[in-house]
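Contents: one structure, followed by commentary.
The values are calculated or read from the model by the stated rules, or taken from the named source; none is laboratory data. Please read these numbers as outputs of a predicted model, since none were measured by experiment. Glycine gets a Cβ as well: all are built from the backbone with ideal geometry, and neighbour counts include every protein chain shown. The area values use the complete protein model at the heavy-atom level, side chains included, leaving out ligands, DNA and RNA. Shrake-Rupley method; radii C 1.70, N 1.55, O 1.52, S 1.80 Å.
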Amino acid sequence: MEKFKSKIPEIILTGGIVGAISVILVMFGNPKNMGFCIACFLRDMAGSIGMHKASVVQYMRPEIIGLVLGAFIISLFRKEFKATAGSSPFTRFILGNFVTIGALVFLGCPLRMVLRLAGGDLNAIPGLIGFTTGILSGIFFLSKGFSLNRTYKQNTTEGVALPITMVFFLVLLLFVPSILIFSTKGPGSMHAPLIISLASGLIVGAFAQRTRLCMVGGIRDAFLFKDFYLLTGFLSIFVVALIGNYLTGNINISFASQPVAHTDALWNGLGMILVGFASVLLGGCPLRQLILAGSGNGDSAVTVFGLISGAAFAHNFALAASPAGVPVGGKIAVVLGIVISLAIAYANIQKIKE
(Lines give C-alpha, C1' and ligand atoms only; values in the text may rest on other atoms or scores of the structure.)
Protein backbone atom coordinates (compact mmCIF):
# COMPACT_ATOMS: atom_id res chain seq x y z
CA MET A 1 0.00 0.00 0.00
CA GLU A 2 2.86 2.40 0.78
CA LYS A 3 4.39 1.70 -2.62
CA PHE A 4 1.02 2.45 -4.22
CA LYS A 5 0.67 5.72 -2.32
CA SER A 6 4.18 6.83 -3.27
CA LYS A 7 3.36 6.53 -6.98
CA ILE A 8 0.06 8.42 -6.90
CA PRO A 9 1.54 11.91 -7.51
CA GLU A 10 3.42 10.63 -10.58
CA ILE A 11 0.40 9.00 -12.22
CA ILE A 12 -1.76 12.07 -11.43
CA LEU A 13 0.87 14.28 -13.06
CA THR A 14 1.01 12.00 -16.10
CA GLY A 15 -2.77 12.03 -16.46
CA GLY A 16 -2.81 15.79 -16.10
CA ILE A 17 -0.19 16.18 -18.80
CA VAL A 18 -2.10 13.90 -21.18
CA GLY A 19 -5.35 15.76 -20.49
CA ALA A 20 -3.72 19.16 -21.00
CA ILE A 21 -1.95 18.08 -24.18
CA SER A 22 -5.21 16.71 -25.58
CA VAL A 23 -6.87 20.10 -25.07
CA ILE A 24 -3.88 21.94 -26.56
CA LEU A 25 -3.86 19.72 -29.65
CA VAL A 26 -7.52 20.57 -30.25
CA MET A 27 -6.73 24.27 -29.86
CA PHE A 28 -4.06 23.91 -32.55
CA GLY A 29 -6.20 21.99 -35.03
CA ASN A 30 -6.96 18.40 -34.02
CA PRO A 31 -10.66 17.42 -34.17
CA LYS A 32 -12.72 18.25 -31.07
CA ASN A 33 -12.94 15.47 -28.48
CA MET A 34 -10.09 13.82 -30.40
CA GLY A 35 -7.02 15.56 -29.08
CA PHE A 36 -5.47 12.14 -28.66
CA CYS A 37 -7.12 8.98 -30.02
CA ILE A 38 -4.96 5.94 -30.69
CA ALA A 39 -7.49 4.07 -32.85
CA CYS A 40 -8.41 7.16 -34.87
CA PHE A 41 -4.78 8.15 -35.42
CA LEU A 42 -3.73 4.63 -36.46
CA ARG A 43 -6.68 4.66 -38.88
CA ASP A 44 -5.45 7.95 -40.34
CA MET A 45 -1.93 6.56 -40.67
CA ALA A 46 -3.24 3.45 -42.45
CA GLY A 47 -4.97 5.74 -44.92
CA SER A 48 -1.89 7.88 -45.43
CA ILE A 49 0.09 4.89 -46.72
CA GLY A 50 -2.77 3.70 -48.93
CA MET A 51 -4.05 0.81 -46.80
CA HIS A 52 -7.57 2.21 -47.16
CA LYS A 53 -9.20 4.73 -49.48
CA ALA A 54 -11.50 6.61 -47.08
CA SER A 55 -10.51 10.10 -48.21
CA VAL A 56 -11.63 11.91 -45.04
CA VAL A 57 -9.38 9.93 -42.66
CA GLN A 58 -5.89 9.94 -44.16
CA TYR A 59 -2.95 11.60 -42.40
CA MET A 60 0.42 10.46 -41.04
CA ARG A 61 -0.16 11.33 -37.40
CA PRO A 62 3.05 12.54 -35.70
CA GLU A 63 1.51 11.84 -32.30
CA ILE A 64 1.75 8.08 -32.87
CA ILE A 65 5.34 8.37 -34.09
CA GLY A 66 6.16 10.41 -30.99
CA LEU A 67 4.48 7.95 -28.65
CA VAL A 68 6.63 5.05 -29.81
CA LEU A 69 9.84 7.05 -29.97
CA GLY A 70 9.19 8.71 -26.60
CA ALA A 71 8.72 5.30 -24.98
CA PHE A 72 11.80 3.99 -26.80
CA ILE A 73 14.04 6.83 -25.64
CA ILE A 74 12.92 6.77 -22.02
CA SER A 75 13.15 2.96 -21.83
CA LEU A 76 16.77 3.18 -23.03
CA PHE A 77 17.50 5.95 -20.54
CA ARG A 78 15.99 3.95 -17.66
CA LYS A 79 17.67 0.74 -18.86
CA GLU A 80 14.25 -0.89 -19.26
CA PHE A 81 14.46 -1.59 -22.99
CA LYS A 82 14.29 -5.35 -23.47
CA ALA A 83 13.70 -7.18 -26.73
CA THR A 84 11.13 -9.92 -26.15
CA ALA A 85 8.58 -11.78 -28.27
CA GLY A 86 7.04 -15.18 -28.91
CA SER A 87 3.78 -15.01 -26.98
CA SER A 88 1.12 -16.14 -29.48
CA PRO A 89 1.95 -13.42 -32.05
CA PHE A 90 -0.70 -14.30 -34.65
CA THR A 91 -3.40 -14.52 -31.98
CA ARG A 92 -2.36 -11.06 -30.85
CA PHE A 93 -2.53 -9.82 -34.45
CA ILE A 94 -6.12 -11.09 -34.76
CA LEU A 95 -7.15 -9.58 -31.43
CA GLY A 96 -5.54 -6.28 -32.44
CA ASN A 97 -7.69 -6.23 -35.57
CA PHE A 98 -10.84 -6.68 -33.52
CA VAL A 99 -9.85 -4.03 -30.97
CA THR A 100 -9.69 -1.42 -33.73
CA ILE A 101 -12.89 -2.62 -35.39
CA GLY A 102 -14.71 -2.31 -32.05
CA ALA A 103 -13.17 1.11 -31.46
CA LEU A 104 -14.21 2.36 -34.91
CA VAL A 105 -17.78 1.21 -34.32
CA PHE A 106 -17.74 3.26 -31.11
CA LEU A 107 -15.59 5.91 -32.85
CA GLY A 108 -12.75 6.09 -30.38
CA CYS A 109 -10.24 4.16 -28.28
CA PRO A 110 -10.40 4.06 -24.45
CA LEU A 111 -8.41 7.30 -24.28
CA ARG A 112 -10.80 9.09 -26.63
CA MET A 113 -13.73 7.67 -24.65
CA VAL A 114 -12.45 9.60 -21.61
CA LEU A 115 -11.83 12.71 -23.71
CA ARG A 116 -15.33 12.49 -25.18
CA LEU A 117 -16.76 12.36 -21.67
CA ALA A 118 -14.64 15.37 -20.73
CA GLY A 119 -16.14 17.24 -23.70
CA GLY A 120 -19.70 16.48 -22.57
CA ASP A 121 -20.39 13.70 -25.11
CA LEU A 122 -22.97 11.57 -23.30
CA ASN A 123 -22.75 8.90 -26.00
CA ALA A 124 -19.49 7.86 -24.34
CA ILE A 125 -21.41 6.70 -21.24
CA PRO A 126 -22.76 3.49 -22.86
CA GLY A 127 -19.26 3.10 -24.28
CA LEU A 128 -17.79 3.22 -20.78
CA ILE A 129 -20.39 0.74 -19.51
CA GLY A 130 -19.60 -1.62 -22.39
CA PHE A 131 -15.86 -1.16 -21.94
CA THR A 132 -16.10 -2.06 -18.25
CA THR A 133 -18.29 -5.05 -19.07
CA GLY A 134 -15.72 -6.28 -21.58
CA ILE A 135 -12.92 -5.93 -19.03
CA LEU A 136 -14.93 -7.82 -16.40
CA SER A 137 -15.47 -10.60 -18.95
CA GLY A 138 -11.74 -10.70 -19.54
CA ILE A 139 -11.09 -10.81 -15.80
CA PHE A 140 -13.32 -13.89 -15.58
CA PHE A 141 -11.09 -15.72 -18.04
CA LEU A 142 -7.94 -14.47 -16.30
CA SER A 143 -9.27 -15.97 -13.07
CA LYS A 144 -9.74 -19.27 -14.87
CA GLY A 145 -6.12 -19.33 -15.98
CA PHE A 146 -6.16 -17.61 -19.37
CA SER A 147 -2.74 -16.79 -20.78
CA LEU A 148 -1.15 -16.28 -24.18
CA ASN A 149 1.98 -17.89 -22.73
CA ARG A 150 5.35 -16.40 -21.89
CA THR A 151 7.60 -14.22 -24.01
CA TYR A 152 11.22 -15.01 -24.79
CA LYS A 153 14.34 -12.88 -25.05
CA GLN A 154 15.04 -11.87 -28.64
CA ASN A 155 17.78 -10.27 -30.66
CA THR A 156 17.83 -6.48 -30.27
CA THR A 157 16.71 -6.06 -33.88
CA GLU A 158 13.32 -7.53 -32.92
CA GLY A 159 12.84 -4.91 -30.23
CA VAL A 160 13.82 -1.92 -32.35
CA ALA A 161 11.74 -2.90 -35.39
CA LEU A 162 8.75 -0.68 -34.59
CA PRO A 163 10.78 2.36 -33.45
CA ILE A 164 12.77 2.12 -36.69
CA THR A 165 9.51 1.90 -38.66
CA MET A 166 8.30 5.07 -36.94
CA VAL A 167 11.57 6.85 -37.77
CA PHE A 168 11.02 5.82 -41.39
CA PHE A 169 7.48 7.27 -41.31
CA LEU A 170 8.83 10.48 -39.79
CA VAL A 171 11.44 10.80 -42.55
CA LEU A 172 8.71 10.40 -45.17
CA LEU A 173 6.55 13.00 -43.44
CA LEU A 174 9.40 15.51 -43.14
CA PHE A 175 11.24 15.08 -46.42
CA VAL A 176 9.02 13.32 -48.97
CA PRO A 177 5.42 14.03 -47.92
CA SER A 178 4.30 13.76 -51.54
CA ILE A 179 4.60 9.97 -51.20
CA LEU A 180 1.92 10.01 -48.52
CA ILE A 181 -1.83 10.59 -48.86
CA PHE A 182 -3.46 13.46 -46.97
CA SER A 183 -7.14 14.25 -46.48
CA THR A 184 -8.33 17.61 -47.75
CA LYS A 185 -11.56 17.47 -45.74
CA GLY A 186 -12.97 15.64 -42.74
CA PRO A 187 -11.14 14.55 -39.52
CA GLY A 188 -8.00 13.59 -41.41
CA SER A 189 -7.53 17.16 -42.60
CA MET A 190 -7.75 18.50 -39.04
CA HIS A 191 -4.41 18.42 -37.28
CA ALA A 192 -2.09 20.50 -35.18
CA PRO A 193 1.24 21.66 -36.65
CA LEU A 194 3.71 18.80 -37.07
CA ILE A 195 6.19 19.98 -34.45
CA ILE A 196 3.48 20.37 -31.80
CA SER A 197 1.97 16.96 -32.60
CA LEU A 198 5.36 15.23 -32.57
CA ALA A 199 6.43 16.89 -29.33
CA SER A 200 3.11 15.95 -27.74
CA GLY A 201 3.60 12.32 -28.70
CA LEU A 202 7.16 12.27 -27.37
CA ILE A 203 6.07 13.73 -24.03
CA VAL A 204 3.10 11.40 -23.60
CA GLY A 205 5.16 8.41 -24.72
CA ALA A 206 7.87 9.14 -22.16
CA PHE A 207 5.46 9.68 -19.26
CA ALA A 208 3.27 6.70 -20.21
CA GLN A 209 6.33 4.44 -20.31
CA ARG A 210 7.45 5.62 -16.90
CA THR A 211 4.05 5.22 -15.20
CA ARG A 212 2.61 2.24 -17.20
CA LEU A 213 -0.49 4.30 -18.00
CA CYS A 214 -3.26 1.98 -19.25
CA MET A 215 -7.05 2.33 -19.09
CA VAL A 216 -7.65 -1.41 -19.36
CA GLY A 217 -5.07 -2.10 -16.68
CA GLY A 218 -6.64 0.55 -14.45
CA ILE A 219 -10.10 -1.01 -14.40
CA ARG A 220 -8.67 -4.55 -14.32
CA ASP A 221 -6.42 -3.81 -11.33
CA ALA A 222 -9.19 -1.97 -9.50
CA PHE A 223 -11.47 -5.01 -9.67
CA LEU A 224 -8.82 -7.71 -9.24
CA PHE A 225 -6.49 -6.20 -6.65
CA LYS A 226 -8.28 -3.09 -5.32
CA ASP A 227 -5.31 -1.17 -6.77
CA PHE A 228 -6.45 2.19 -8.13
CA TYR A 229 -3.04 3.47 -9.22
CA LEU A 230 -3.54 3.22 -13.00
CA LEU A 231 -7.21 4.24 -12.82
CA THR A 232 -6.18 7.41 -10.99
CA GLY A 233 -4.23 8.43 -14.08
CA PHE A 234 -7.31 8.33 -16.28
CA LEU A 235 -9.38 10.17 -13.70
CA SER A 236 -6.70 12.86 -13.85
CA ILE A 237 -6.95 12.95 -17.66
CA PHE A 238 -10.71 13.43 -17.37
CA VAL A 239 -10.53 16.21 -14.78
CA VAL A 240 -7.82 18.21 -16.55
CA ALA A 241 -9.43 17.78 -19.99
CA LEU A 242 -12.80 18.78 -18.52
CA ILE A 243 -11.34 21.96 -17.06
CA GLY A 244 -9.44 22.68 -20.26
CA ASN A 245 -12.53 22.16 -22.42
CA TYR A 246 -14.53 24.47 -20.15
CA LEU A 247 -11.89 27.20 -20.36
CA THR A 248 -11.65 26.91 -24.15
CA GLY A 249 -15.41 26.68 -24.74
CA ASN A 250 -15.32 23.13 -26.08
CA ILE A 251 -17.96 21.55 -23.85
CA ASN A 252 -21.30 20.41 -25.22
CA ILE A 253 -23.17 18.28 -22.69
CA SER A 254 -25.59 16.30 -24.83
CA PHE A 255 -26.08 13.22 -26.97
CA ALA A 256 -26.72 15.17 -30.17
CA SER A 257 -24.36 17.20 -32.36
CA GLN A 258 -21.16 15.69 -30.99
CA PRO A 259 -18.03 15.76 -33.17
CA VAL A 260 -17.25 12.45 -34.92
CA ALA A 261 -19.79 10.46 -32.87
CA HIS A 262 -23.12 8.70 -33.30
CA THR A 263 -26.06 8.26 -30.91
CA ASP A 264 -26.64 4.49 -31.18
CA ALA A 265 -26.19 3.52 -27.52
CA LEU A 266 -26.41 -0.23 -28.12
CA TRP A 267 -23.55 -0.31 -30.60
CA ASN A 268 -21.50 2.24 -28.68
CA GLY A 269 -21.70 -0.23 -25.81
CA LEU A 270 -21.12 -3.40 -27.83
CA GLY A 271 -18.20 -1.89 -29.74
CA MET A 272 -16.46 -1.07 -26.47
CA ILE A 273 -17.28 -4.48 -24.98
CA LEU A 274 -15.16 -5.90 -27.79
CA VAL A 275 -12.40 -3.34 -27.15
CA GLY A 276 -12.33 -4.02 -23.41
CA PHE A 277 -12.52 -7.81 -23.67
CA ALA A 278 -9.90 -8.20 -26.42
CA SER A 279 -7.60 -5.67 -24.73
CA VAL A 280 -7.63 -7.65 -21.47
CA LEU A 281 -6.63 -10.76 -23.41
CA LEU A 282 -3.81 -8.73 -25.00
CA GLY A 283 -2.68 -7.36 -21.65
CA GLY A 284 -3.30 -3.68 -22.30
CA CYS A 285 -5.18 -0.98 -24.22
CA PRO A 286 -3.99 0.39 -27.60
CA LEU A 287 -1.97 3.13 -25.89
CA ARG A 288 -0.21 0.57 -23.71
CA GLN A 289 0.55 -1.63 -26.73
CA LEU A 290 2.34 1.27 -28.44
CA ILE A 291 4.36 2.01 -25.30
CA LEU A 292 5.33 -1.64 -24.83
CA ALA A 293 6.31 -1.91 -28.50
CA GLY A 294 8.51 1.16 -28.10
CA SER A 295 10.14 -0.52 -25.10
CA GLY A 296 11.16 -3.60 -27.10
CA ASN A 297 8.14 -5.89 -26.89
CA GLY A 298 7.84 -7.58 -30.29
CA ASP A 299 4.46 -9.10 -29.45
CA SER A 300 3.06 -5.63 -28.83
CA ALA A 301 4.59 -4.51 -32.13
CA VAL A 302 2.66 -7.32 -33.86
CA THR A 303 -0.45 -6.15 -31.99
CA VAL A 304 0.11 -2.58 -33.22
CA PHE A 305 0.19 -3.82 -36.81
CA GLY A 306 -2.98 -5.74 -36.01
CA LEU A 307 -4.54 -2.47 -34.84
CA ILE A 308 -3.48 -0.79 -38.09
CA SER A 309 -4.73 -3.73 -40.15
CA GLY A 310 -8.07 -3.61 -38.35
CA ALA A 311 -8.43 0.08 -39.21
CA ALA A 312 -7.75 -0.63 -42.88
CA PHE A 313 -10.14 -3.58 -42.86
CA ALA A 314 -12.88 -1.51 -41.21
CA HIS A 315 -12.75 1.17 -43.89
CA ASN A 316 -12.14 -1.07 -46.88
CA PHE A 317 -15.18 -3.17 -46.02
CA ALA A 318 -17.46 -0.39 -44.70
CA LEU A 319 -17.44 -1.59 -41.07
CA ALA A 320 -16.59 1.71 -39.38
CA ALA A 321 -19.34 3.86 -37.94
CA SER A 322 -19.94 7.49 -38.87
CA PRO A 323 -22.05 10.27 -37.35
CA ALA A 324 -24.93 8.78 -39.39
CA GLY A 325 -24.74 5.50 -37.47
CA VAL A 326 -23.30 1.99 -37.58
CA PRO A 327 -23.42 0.02 -40.85
CA VAL A 328 -24.72 -3.55 -40.86
CA GLY A 329 -21.26 -4.84 -41.67
CA GLY A 330 -19.87 -3.14 -38.57
CA LYS A 331 -22.52 -4.72 -36.38
CA ILE A 332 -21.76 -8.17 -37.78
CA ALA A 333 -18.02 -7.61 -37.32
CA VAL A 334 -18.45 -6.62 -33.65
CA VAL A 335 -20.54 -9.69 -32.86
CA LEU A 336 -18.09 -11.90 -34.74
CA GLY A 337 -15.20 -10.26 -32.89
CA ILE A 338 -16.78 -10.96 -29.50
CA VAL A 339 -17.43 -14.59 -30.47
CA ILE A 340 -13.88 -15.12 -31.76
CA SER A 341 -12.40 -13.40 -28.69
CA LEU A 342 -14.45 -15.72 -26.47
CA ALA A 343 -13.17 -18.70 -28.45
CA ILE A 344 -9.56 -17.50 -28.08
CA ALA A 345 -10.05 -16.98 -24.35
CA TYR A 346 -11.51 -20.45 -23.85
CA ALA A 347 -8.97 -22.19 -26.09
CA ASN A 348 -6.06 -20.72 -24.18
CA ILE A 349 -7.48 -21.86 -20.86
CA GLN A 350 -7.55 -25.41 -22.30
CA LYS A 351 -3.96 -25.03 -23.45
CA ILE A 352 -2.85 -24.14 -19.93
CA LYS A 353 -4.75 -27.01 -18.34
CA GLU A 354 -3.04 -29.47 -20.63
> Taking amide hydrogens as modeled 1.01 Å from N in the peptide plane, which residues meet the under 5 Å criterion relative to Leu213, leaving out close sequence neighbours?
Replying inline: none
> For Lys79 and Asn316 in one chain, what is 0.36 nm times their gap in residues minus the Cα-Cα distance, to one decimal in nm?
Replying inline: 81.2 nm
> Residue by residue, what Karplus-based ³J(HN,Hα) values in Hz, rounded to whole numbers, does the stretch 64-74 have, using 6.51, -1.76 and 1.60 with θ = phi - 60° and x for Gly and Pro?
Replying inline: 5, 4, x, 4, 5, 5, x, 5, 4, 5, 5
>> As a test of the formula, what do you get for the chain when each DSSP H run with n ≥ 4 contributes -39,500 (n - 2.57) and the sum is divided by the residue count, at 222 nm and rounded to the nearest 500 deg cm²/dmol?
In response: -22500 deg cm²/dmol
> Do any cysteines in the chain lack another Cys Cβ under 4.7 Å, and if so which?
Replying inline: Cys109, Cys214, Cys285
> Quick one: Karplus J couplings for the stretch 170-186, per residue in order, coefficients 6.51, -1.76, 1.60, θ = phi - 60°, nearest Hz, x for Gly and Pro?
Replying inline: 5, 4, 4, 5, 7, 10, 9, x, 5, 6, 8, 10, 10, 5, 9, 8, x
> Nearest 20 debye, what's the magnitude of the dipole of the chain about its Cα centre given +1 on Lys and Arg Cβ and -1 on Asp and Glu Cβ?
Replying inline: 460
> Assuming R0 = 30 Å, what is the FRET efficiency of Leu235 and Tyr346, from their Cβ-Cβ distance, to the nearest 0.05?
Replying inline: 0.35
>> Loop only by DSSP, 14 or fewer other Cβ within 10 Å of the Cβ. Give me the trypsin sites (Lys or Arg not before Pro) in the stretch 106-150 that pass, ordered by residue number.
In response: Lys144, Arg150
>> Connecting C-alpha atoms closer than 10 Å in a GNM of the chain, tell me which of Pro62, Pro177, Pro163 has the biggest fluctuation.
In response: Pro177
>> Over the chain, with a Gaussian network built from C-alpha contacts below 10 Å, which listed residue (Leu230, Leu290, Leu336) shows the highest mean-square fluctuation?
In response: Leu336
> What number of lysine-lysine pairs in the chain show an alpha-carbon separation below 25 angstrom, given a sequence spacing of 8 or more or placement on distinct chains?
Replying inline: 19
> In debye to the nearest 20, how big a dipole does the stretch 206-295 give about its Cα centre with +1 on each Lys and Arg Cβ and -1 on each Asp and Glu Cβ?
Replying inline: 260
> Using a Gaussian network for the chain with springs between C-alpha atoms less than 10 Å apart, which of these wobbles most: Leu213, Leu173, Leu95?
Replying inline: Leu173
> From the square roots a ≥ b ≥ c of the eigenvalues of the alpha-carbon gyration tensor of the stretch 66-206, which class results: rounded (a/c under 1.5), prolate (a/b over b/c), or oblate?
Replying inline: oblate
>> Pairwise over distinct Cα atoms, reciprocal of the mean inverse distance: report the Kirkwood radius of the stretch 214-256 in Å, one decimal place.
In response: 11.7
> Ignoring ligands and nucleic acids, what accessible area does Thr84 show with a 1.4 Å probe (Å², nearest 10)?
Replying inline: 20
> How high is the relative contact order of the chain, in percent, counting Cα pairs under 8 Å that sit 6 or more residues apart?
Replying inline: 36
>> Relative contact order for the stretch 217-354: what percent, with Cα pairs under 8 Å and sequence separation of 6 or more?
In response: 21
> Taking the structure as given and computing Rg and Dmax of the Cα atoms in Å, which label from [x] 22.9, 78; [y] 18.5, 58; [z] 21.3, 70 fits?
Replying inline: [y]
> Put +1 on the Cβ of every Lys and Arg and -1 on every Asp and Glu Cβ in the chain; which of Phe317, Leu148, Leu128 then has its Cα farthest towards the positive end of the dipole?
Replying inline: Leu148
